Every structure is written in C-alpha cells, then in structure tokens.
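Scroll down for the structure; my scribbles are underneath it.
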C-alpha cells in the first residue's frame, strides 16, 4: 500500500491529522500502540473532554519561542474547531473561563467523530502497533513497526510524529518523538511535568495534610504570572486549577504566593468591625469566608481568638499579610503520572511555522505535545493539537 504519510500516534493530534489529510484526498496510515485510539482524550476533563477554549491566543501558551503559534492559529482558529465538531454533531457548552465541553459531557463522543471520519475517508489504522525506528534512505523513510504479526517495515515519503509527550505512561506515553527528533539533529527544549500538583514536605507537611479535601478560591502568583481559581489542599500538598496553572511556570526552589481571599480586603473588613464595636473575634470573621477546619488550621500560627477591639496593629498586619500573601515553597511536583501535559519538547525554531515540517529533515513533521508548546489548563492544549494537526495535513 502506498501512503501519502505515516502518522505515528492516535491521540488528538494524530487523529485530526489523519482526518484532515483524508478530507483533502490523501491516504494515510495511523499507527497507534494502544488497543484503541484517543486514550488521553477519553480521560480528559474527567471523561468529559474540554476540547477547546473560546479565548485561545498565543498568550495562553509557554514556549521558548512562541512566534510560530500565531501562524498556526491563523490557519486553524477556535471558530474552525467549533465548525468542525458542530458539522459532526458535537455542540459545545461553555463552562468556566471559556472552557468548552460537549453538551453530552462525554469524551467518547469526541473520539467517535474521528473514528467515523477515518472510516469515511478510508484512512488505515494499525492498533497495538509500536514504531521501533525511523530511518531515512534517499527520498523515503523506512519505519519499523512491531505488530502482533511481528516486525514490519513500511516506507513513506512523509512521516508525522504525533506520539505525544511523557505524561501518563499507562496510556502509552513515551519519549519516542523526542528521540527521533534528536536522531535527526533537532534541539530539545528541556522537558518537565506541567499542569501538575505540587508537593509539600518537611515541617509544614502535616499542616497541609490536616486540610486535605479543603478547596479555597484563591489567587496564586509568582514573579511571572497570576491565576485566580480554586486551590485544593491534599495529604501531600496542593492541587486544584490555580495550582496546576502556576506549576507550568514554577521551578524547583522557587516560592509561590497565595491570596486566600482575593475578592475581599481583610484590612477593610477588620476596620469595619472595629467601627461597629469590635465584639467579634477574628475566628468568627474568618468563619464567614472559610471552613471551620481552615480557620482552625490558620489559628495554629495566627492570633484568631482575639476580639477585634483588642487586636493590636502588629497582629492585624500579620493576619492580613498571611491571608492575602500566604507563602508556599513546594518541595517538588507529582511527576509525569499526575501531570496533564509535558513542558518543553522539540524546538519550534527548527520547524516550518506554516507546516510544522522539520527544517532539518524534509518530510518529517512534529505536532501536538511533542513540540515545545504548552497550553494552560482549560482546553488550550486541545486547540493546539487540532491546529498543529491541520497545518501538517494541509502540507501533506
């Protein structure tokens, strides 16, 4: 069988690339190591799949060089994503901060769109097939694939690496795309877990563990950026949307700051209480905004059992600064098994901005998570997957 391209990886990028190539009249073979395609799509968003974000711009991504993103997103916009899925029966429902989910709340409906279109456009799929090596000879790539029938070698003039990154090994994650990139002379921007919970160890570990299960709406920030969503205390540290977001910008040894009451000014609340006589204790005021467990935990290092009328200026300042600028120095993160995505990857400087074709090896393409493009939490990484896949497919 003569294929226009071999696409390695049946995740979001690989599926969209095969479908778009098929819709443009090309014949591809999609090679997937798992027993089914779209494994990571199926678990995303708690099985609901936040498949894009209505507010997507290049500012919602991290990369050593973001200049490529605008070119890719101009070719495939959020509106294009909406039209694509709506024309295939998937209508979105907007949730928090522009996040779009299928109205059915079923990630399997997203995967079903691709399996249907792959069948209709007569694209081939090999499941339970592991690509072992890629070698370029003259104008052709020789791709060695391990299947149930043994090792087979395929030839094609174009190969697409859409095999993802390192997170969640049980779903087939590997560094294959990165190894191939290195093999053909590409630079790899240092990789690390991103959108990942942060761990706390040492003398403060028990304090965080005592709050396990408590969720607080907060502003989390460092010197680079700020996010305002919920944080979640866990028995090993911190999680929740704000923490996952800041983790992509956090580096080992750095401190992050949390405003536990971003919608209010505790200083003004205390002042107003003083003007009314100051009969309530600080704990009673905090109970208006936090759970009893949270207030009790704060009471371990704050003078909360004091009536406002008797509160000294120094103690008032301590309470206000602690609540609005709570300092945290994480010990580390939960690693690739708990990370949503990988930070870093194949350098965007070495890819054609229009087609994502390698500037070092003609006919070789990189898309999706393998590339040094990491989106925020909230559908941004899916939008990158769809857009990068389409850019590649159109060049194929």
Subset of the range 176-188 (residues that are surrounded by fewer than 21 Cβ atoms within 10 Å (Cβ to Cβ) and either in contact with a helix residue (DSSP H, G or I) (Cβ under 9 Å, 6 or more places away or on another chain) or over 29 Å from residue 371 (Cα atoms) (or both)): 185, 187, 188
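Just to be sure I understand, how many residues within the range 163-192 are outside any strand (DSSP E or B) and within 16 Å of the chain's Cα centre (by Cα)? Reasoning before the result, please.
Taking the range 163-192 as the starting set, the residues that turn out to be outside any strand (DSSP E or B) are 163-187.
Now narrow it down to the ones that are within 16 Å of the chain's Cα centre (by Cα): 163-169, 171, 173.
Result for the range 163-192: 9.
Could you pull out the residue among 359, 351, 298 that is without any contact (Cβ under 8 Å) to a residue 24 or more places away in the chain and either in contact with a strand residue (DSSP E or B) (Cβ under 9 Å, 6 or more places away or on another chain) or closer than 30 Å to residue 253 by Cβ (or both)?
Details: 351 fails: without any contact (Cβ under 8 Å) to a residue 24 or more places away in the chain; 298 fails: without any contact (Cβ under 8 Å) to a residue 24 or more places away in the chain.
That would be 359, the only listed residue that is without any contact (Cβ under 8 Å) to a residue 24 or more places away in the chain and either in contact with a strand residue (DSSP E or B) (Cβ under 9 Å, 6 or more places away or on another chain) or closer than 30 Å to residue 253 by Cβ (or both).
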Tell me, which strands (runs of 3 or more DSSP E) lie completely within the range 312-381 with 3 or more residues that are more than 20 Å from residue 166 (Cα to Cα), in the same structural domain as residue 233 (by TED's automatic domain parsing) and modelled with pLDDT of 95 or more? 326-328
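Answer yes or no as to whether residue 136 is more than 25 Å from the chain's Cα centre (by Cα), modelled with pLDDT of 95 or more and closer than 26 Å to residue 348 by Cα.
On the way: more than 25 Å from the chain's Cα centre (by Cα): yes; modelled with pLDDT of 95 or more: yes; closer than 26 Å to residue 348 by Cα: yes.
In short, yes.
Given the condition over 39 Å from the mean Cα position of the chain (by Cα), surrounded by 13 or more Cβ atoms within 10 Å (Cβ to Cβ), in a loop (DSSP other than H, G, I, E, B) and assigned by TED's automatic domain parsing to the domain that holds residue 258, answer yes or no: does some residue in the range 295-307 qualify?
Residues of the range 295-307 over 39 Å from the mean Cα position of the chain (by Cα): 303, 305-307.
Going one step further and asking which of them are surrounded by 13 or more Cβ atoms within 10 Å (Cβ to Cβ), we end up with 303, 306-307.
Imposing the further condition that a residue be in a loop (DSSP other than H, G, I, E, B) reduces the set to 303, 306.
Now narrow it down to the ones that are assigned by TED's automatic domain parsing to the domain that holds residue 258: 303, 306.
Yes, there is a match, as at least one residue in the range 295-307 is over 39 Å from the mean Cα position of the chain (by Cα), surrounded by 13 or more Cβ atoms within 10 Å (Cβ to Cβ), in a loop (DSSP other than H, G, I, E, B) and assigned by TED's automatic domain parsing to the domain that holds residue 258.
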Got at least one residue in the range 154-171 being surrounded by fewer than 17 Cβ atoms within 10 Å (Cβ to Cβ), farther than 19 Å from residue 396 by Cβ and touching a strand residue (DSSP E or B) at 6+ places or on another chain (Cβ under 7 Å)? no
Does any residue in the range 197-212 that is over 8 Å from residue 237 (Cβ atoms) come within less than 6 Å, Cβ to Cβ, of a residue that is exposed (fewer than 14 other Cβ atoms within 10 Å of the Cβ) six or more places away or on a different chain, and which pairs are these? 209/235; 212/235
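Of all residues in the range 62-84 being assigned to a helix (DSSP H, G or I) and touching a strand residue (DSSP E or B) at 6+ places or on another chain (Cβ under 7 Å), which is farthest from residue 352 (Cα to Cα)? Walk me through how you get there before you give the answer.
So the first thing to find is which residues in the range 62-84 are assigned to a helix (DSSP H, G or I), and the list is 67-75, 78-84.
Those still in the list that are touching a strand residue (DSSP E or B) at 6+ places or on another chain (Cβ under 7 Å) too: 68-69, 78, 81-82.
Numbers: 68: 8, 69: 11, 78: 21, 81: 22, 82: 26 Å.
Step by step, filter the range 62-84, then rank; the result is 82.
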Please go through (1) assigned to a loop (DSSP other than H, G, I, E, B); (2) in the same structural domain as residue 173 (by TED's automatic domain parsing) for residue 224 and return the number of the only condition it doesn't satisfy. (2)
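Each row is one residue, and each column tells you yes or no for (1) surrounded by 16 or more Cβ atoms within 10 Å (Cβ to Cβ); (2) in contact (Cβ under 8 Å) with a residue 60 or more places away in the chain; (3) within 18 Å of residue 14 (Cα to Cα).
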residue	(1), (2), (3)
105	no, no, no
112	no, no, yes
127	no, yes, yes
130	yes, yes, yes
138	no, no, no
147	no, no, no
151	no, no, no
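Could you grab me the full set of residues in the range 254-270 that are within 21 Å of residue 341 (Cα to Cα) and surrounded by fewer than 17 Cβ atoms within 10 Å (Cβ to Cβ)? Show your work before the answer.
At the first step, the residues of the range 254-270 found to be within 21 Å of residue 341 (Cα to Cα) are 254, 256.
Answer for the range 254-270, where residues must be within 21 Å of residue 341 (Cα to Cα) and surrounded by fewer than 17 Cβ atoms within 10 Å (Cβ to Cβ): just 254.
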Quick one: would you say residue 94 is surrounded by fewer than 20 Cβ atoms within 10 Å (Cβ to Cβ), without any contact (Cβ under 8 Å) to a residue 12 or more places away in the chain and under 30 Å from residue 226 (Cβ atoms)? no
Single residue of the range 193-217 satisfying the filter (at positive phi and at pLDDT 95 or above) that is surrounded by the most Cβ atoms within 10 Å (Cβ to Cβ): 195
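The values are calculated or read from the model by the stated rules, or taken from the named source; none is laboratory data. Note that the structure is a prediction, hence the values are computed from the model and not measured. All Cβ positions, glycine included, derive from the backbone under ideal geometry; neighbour counts span all protein chains shown.
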